[in-house]
Amino acid sequence: MHVALIALDRPNALEVRKANREAHLAHVRASGIVEQAGPFLNAAGEMIGSLLILNVPDMAAAEAFAADDPYAKAGLFESVTLRPWNRVIG
C-alpha cells in the first residue's frame, strides 16, 4: 500500500532540520520503502516540512518508519499525518 507522510515543522525550527538532515536522508535511503520525498518550502524557499510517499505492507510499517525518523526523534515536527494514498499517475 502507498502512504503519504505529511509532516509540518515547528515554527522557527530550520536549524533543527539542518542539524538532522544527513541522518534523516540516511534513514530514508536505508528504508527501502520511500518512493518519493522532498521538503515543503515557504515563500523564502526555506524548508518547513516534508512529504514522503511510502510503499509499505501496512500502516504499522509507515508508523514505525515515521517514529524512527531522526527528524521526529529531534522534535522537528509540529504535526505528522499518515494517509493511505492511491497512485493514479506516475
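Please compute the contact order of the chain in relative form: average sequence separation of alpha-carbon pairs under 8 Å and at least six residues apart, divided by the residue count, as a percent.
Relative contact order here is 50 percent.
Per residue, what volume in Å³ does the Cα convex hull of the chain take up?
96
Calculated from DSSP H runs of 4 or more alone, at -39500 (n - 2.57) each and per residue, what is the 222 nm mean residue ellipticity of the chain, nearest 500?
After summing the helix terms and dividing by the residues of the chain, the value is -10500 deg cm²/dmol.
Helix 59-68: angle to the longest alpha-carbon principal axis of the chain, degrees 0 to 90, nearest 10?
30
What Kirkwood hydrodynamic radius, in Å, does the stretch 13-65 give when the mean of 1/r is taken over all pairs of distinct Cα atoms and then inverted?
That comes to 12.2 Å for the stretch 13-65.
Of Arg10, Arg83, how do they rank once you tally other Cβ atoms within 10 Å and put the fewest first?
Lowest count first: Arg83, Arg10.
For Gly49, which sequence-distant residues (separation of 5 or more, or a different chain) have an amide H within less than 5 Å of its own amide H, given hydrogens modelled in the peptide plane?
It is Asp9, Phe40, by chain and number.
Values quoted throughout were computed directly from the atomic coordinates according to the rules given, and no laboratory measurement underlies them. Worth saying up front: this structure is predicted, and the values here are computed from it rather than measured. Don't worry about glycine lacking a Cβ; one is built from the backbone with ideal geometry, like all the others, and counts go over all protein chains shown.
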